[in-house]
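Structure, as structure tokens:
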Amino acid sequence: MVLFTEVSFINILNLLYTTYLFILKAFAIYFGIISLFSLLGKKKEKHIDRFLKFAVLIPARNEQDCITNIIISLKKQDYPHELIDIYVIPNNCTDDTASIATARGAYVLHAPSNVKYKGGALRFAINELINDKENYDAFLIFDADNVASPNFISSMNQTLGNGARVAKSRILAKNNKESWLATCYDIHFCTANLFLNRARVRLGLSARVVGTGFAVMRSFLKELGGFNTISITEDAEFFAICAIKGEKIAFCEDAITYDEQTTSFKASMSQRKRWMSGIMHVVLLKFNDLIKALFTKNSFKYAFDALIQLIFTYAQSLIPFAFVLSILISSNDYLIHTLPLTIFRTYLYVVLIALIVLSLEKRLVISKNIIIGILLYPFFVLCFIPLQTISLFKKTVDWKQIKHVGKPTSLDDQSSTDQLQYFDNESKEQ
């Protein structure tokens, strides 16, 4: 009887483990097939002569060291300057962010003291401006540590003019050569640019709002009643809202957002814990609406893809439990030979992906930190898993500031070179 019970228990464990592996493989096949469409290259757009009027929104909390760079890059756009208004939105600032922004020619909208995170600052600013007499056609959203490529707004104007009401830019690490960690972020963003966004747009799906550097038409925001996100990951929540509404997000590859990355591993873990916890919160907030959207003709494919992407975070969070389960049910031969070989193969696969995406994005250069970053990228990816697991039990509910120092972009491409030249010229003019 005891032996029968032990055999039954092992069979149950085997069934659980096999089922979980099947689910992970299904996710991998789904994402892998979609990724292949990135090989089709950039989607072409028709030339548009119409010029939209943009309000640029920059939430900021104690960003006096870097707010100048984003404003300069926006002031130097190859787009009619009279059609660009820049708004910095200080929230809970205790430094000179507001005064520096004003001195640089930006408008300042002070968020109420109860606004504690980026989504709240955007909601406040858009509510203030959506019916403004300036009659803006579209809103651009940046972080204070960003730098926009010189053609950013003209490229976004082109994409929006081709019928999109929401558009996401390419995003790259501004300081990718500064440390191995910044390089890992750069690889992470390049992967999203190619396999997440370009591939989906070429397949007829929606791009995903990842982080910063995106545009939204005022007409769509008015339909939504404003920018009504409530989570600490407003990008993932807004992506889910678009999917529910059947609104396809375009991918504007010619517009580049350079984003400053932390070089502190501790700060990185805190940041990525917030990302994972926030995405899990979005799943809980929007799950029912996404399920309902599956039964709406215009929303089905967007809602399905959004569900797969967002739920994958939960699926990955169970990997540590599955790993323990595999040890309990596996033979010594598996643990001694098969498992180490599988881990090594996975490591090589992730390194290969890093090399491919950096090559395709023209970010692969010979640099000590970039080489180390490529070799450590599997570790960077692996760190997401325990953070997801922890988020199952302990949610991050507060947004914590990550210190930015306003570093210029590195000299990796012509856009970066142009940006540095802009900063040099600006300094000489002061």
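The values are calculated or read from the model by the stated rules, or taken from the named source; none is laboratory data. Computed from a predicted structure; not experimentally measured. We place every Cβ from the backbone using ideal geometry, glycine too, and count neighbours over all the protein chains shown.
Here are a few things to note about the model shown:
- In the stretch 127-144, the count of residues that are over 27 Å from Gly246 (Cβ atoms), surrounded by fewer than 17 Cβ atoms within 10 Å (Cβ to Cβ) and modelled with pLDDT of 90 or more is one or more.
- Only residues that are over 24 Å from the mean Cα position of the chain (by Cα), hydrophobic (A, V, I, L, M, F, W, C) and closer than 27 Å to Ala164 by Cα were counted across the stretch 107-151, and they come to 2.
- Leu21 meets all of the listed conditions (1) in contact (Cβ under 8 Å) with a residue 60 or more places away in the chain; (2) surrounded by fewer than 14 Cβ atoms within 10 Å (Cβ to Cβ); (3) under 22 Å from the mean Cα position of the chain (by Cα) but one, namely (3).
- Residue within the stretch 335-349 that is under 26 Å from Ala199 (Cα atoms) and crowded, with 18+ Cβ neighbours inside 10 Å present: no
- Residues satisfying the stated conditions in the stretch 374-408, i.e. at pLDDT 85 or above and among the polar types (S, T, N, Q): Gln388, Thr389, Ser391
- Candidates Ile249, Ile232, Ile241 - the one that is in contact (Cβ under 8 Å) with a residue 12 or more places away in the chain and farther than 16 Å from Ala167 by Cα: Ile232
- Some residue of the stretch 260-267 being under 24 Å from the mean Cα position of the chain (by Cα), closer than 30 Å to Ile153 by Cβ and of a type outside the set (Ser, Thr, Tyr): yes
- Residue satisfying condition, being under 28 Å from Ala148 (Cβ atoms) and among the small types (Gly, Ala, Ser), within set Ser8, Ser38, Ser113: Ser38
- Condition met for Ile171 (in contact with a Gly (Cβ under 6 Å, 6 or more places away or on another chain) and modelled with pLDDT of 95 or more): yes
- Filter result for the condition that a residue is among the aliphatic types (A, V, I, L, M) and modelled with pLDDT under 95, over Ile371, Ile327: Ile327
- Those helices (runs of 4 or more DSSP H) of the stretch 1-105 in which 1 or more residues are at pLDDT 95 or above, out of contact with any Pro (no Cβ under 6 Å at 6 or more places or on another chain) and aromatic (Phe, Trp, Tyr) occupy 2-35.
- Taken together, the residues in the stretch 236-270 that are modelled with pLDDT under 95 and either among the aromatic types (Phe, Trp, Tyr) or closer than 19 Å to Leu310 by Cβ (or both) amount to 1.
- Cβ-Cβ under 6 Å pairs, at least 6 apart or on other chains, the stretch 101-118 side within 18 Å of Cys66 (Cβ to Cβ) and without any contact (Cβ under 8 Å) to a residue 40 or more places away in the chain, far side part of a helix (DSSP H, G or I) and aromatic (Phe, Trp, Tyr): none
- The residues listed here are Ala192, Ala199; of these, the one that is among the small types (Gly, Ala, Ser), surrounded by fewer than 22 Cβ atoms within 10 Å (Cβ to Cβ) and within 19 Å of the chain's Cα centre (by Cα) is Ala192.
- Failed criterion for Ser416 (all others in (1) buried (at least 17 other Cβ atoms within 10 Å of the Cβ); (2) more than 20 Å from Leu172 (Cβ to Cβ); (3) modelled with pLDDT under 95 hold): (2)
- The stretch 73-95, residues that are among the hydrophobic types (A, V, I, L, M, F, W, C) and more than 17 Å from Ala255 (Cβ to Cβ): Val88, Ile89, Cys93
- A residue that is within 23 Å of Ser113 (Cβ to Cβ), without any contact (Cβ under 8 Å) to a residue 40 or more places away in the chain and not hydroxyl-bearing (Ser, Thr, Tyr) occurs nowhere in the stretch 41-59.
- The stretch 212-236 - residue that is small (Gly, Ala, Ser) and surrounded by 19 or more Cβ atoms within 10 Å (Cβ to Cβ) and, of those, farthest from Phe37 (Cα to Cα): Ser231
- Every condition in (1) within 23 Å of Ala26 (Cβ to Cβ); (2) surrounded by fewer than 16 Cβ atoms within 10 Å (Cβ to Cβ); (3) of a type in the set (A, V, I, L, M) holds for Leu318 except the one numbered (2).
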